[in-house]
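To keep things clear, I will list the structure first and then write my remarks on it.
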């Protein structure tokens, strides 16, 4: 019997609040599950010390040396020049060199984004890569794009997000005809600011199944499969949802303690938390618009979430997300960039 091909994934094991202990543990969990071959990028001594704490003998794991990390808040562009051997830069380079199919990091989102854009390159038709994924657990197959990387977008960039989300929903979840919507302040046509109105007209020309606007209170009901917004709005939505979930979970635990058996209460609290902290369910989300698979997760991620992020990376590779995204965006960009909008008309 022919052995199934393993998906090769580079893991930035120095990135994250609990690195390298949790990142190495998560990598070992993923390797035990099977289907992946892992390159753990980090300080060799520290990584090997952590591996020694696990029964990793025979697992498809190798260590790739790096020096230093890019800290949160550190200017990513400067770090690329001054720290060329930092773990996220080396890990992304492993993919570029063809030694891995994807990279996973729980470190600085800005650094991961910069490394992916500069080292892997940006897909034709994309000015800015974006970060997208499921945010509201009550709608587990709804991608919101962008959720934090591009906070001030022009209309044609929002239109490219729509196409990006459409391809993701088709490939990642197998949705045949994803419903694409714009997040706005009203469901009626014509609602929203100038960028939203202009983007709406461009999205209609892209060939996606555009259903119009949705509001924030529509998100838990799954009224769309792809929700488009700039990263400022998307990040606020994501963090508000996570914050509410955490505080509601704590409130339930406090108020129902002693009124329900401990196991039943823990089950309810865990479900509420998971439905509002969906990023942890997938471990992370892909940077969309770059020529490769790069998954970014929460800095606070523990081993289970890191293992799931590796699984998400494998799924993105196995479903050929990037090749289709390349093809679609290349064709659509010619339409959105050339299409007349009110902004262009005014300049004339």
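The values are calculated or read from the model by the stated rules, or taken from the named source; none is laboratory data. Because the structure is a prediction, the values reported are computed rather than measured. In this analysis, Cβ positions are derived from the backbone assuming ideal geometry, glycine residues included, and neighbour counts consider all displayed protein chains.
Observations
- Some residue of the stretch 160-167 being modelled with pLDDT under 90, assigned to a loop (DSSP other than H, G, I, E, B) and over 24 Å from residue 241 (Cβ atoms): no
- Verdict on residue 314 being outside any loop (DSSP other than H, G, I, E, B), at pLDDT 90 or above and assigned by TED's automatic domain parsing to the domain that holds residue 171: no
- Matching residues, the stretch 16-50, being closer than 12 Å to residue 302 by Cα and within 20 Å of the chain's Cα centre (by Cα): 16, 17, 18, 19, 22, 23, 26, 27
- Assessment of the stretch 194-203 against the conditions (without any contact (Cβ under 8 Å) to a residue 60 or more places away in the chain, outside the structural domain of residue 74 (by TED's automatic domain parsing) and out of contact with any helix residue (DSSP H, G or I) (no Cβ under 7 Å at 6 or more places or on another chain)) yields at least one matching residue.
Each row is one residue, and each column tells you yes or no for (1) out of contact with any helix residue (DSSP H, G or I) (no Cβ under 6 Å at 6 or more places or on another chain); (2) assigned to a strand (DSSP E or B); (3) modelled with pLDDT of 95 or more.
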site	(1), (2), (3)
4	yes, no, no
14	no, no, yes
24	no, no, yes
28	yes, no, yes
32	yes, no, yes
37	yes, yes, yes
41	no, yes, yes
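- Some residue of the stretch 236-244 being touching a helix residue (DSSP H, G or I) at 6+ places or on another chain (Cβ under 7 Å) and not in a helix (DSSP H, G or I): no
- Test: residue in the stretch 96-105 that is out of contact with any helix residue (DSSP H, G or I) (no Cβ under 6 Å at 6 or more places or on another chain), crowded, with 23+ Cβ neighbours inside 10 Å and in contact (Cβ under 8 Å) with a residue 24 or more places away in the chain: no
- Screening the candidates 107, 133 for the property of being in a loop (DSSP other than H, G, I, E, B) and touching a strand residue (DSSP E or B) at 6+ places or on another chain (Cβ under 8 Å) yields one hit, 107.
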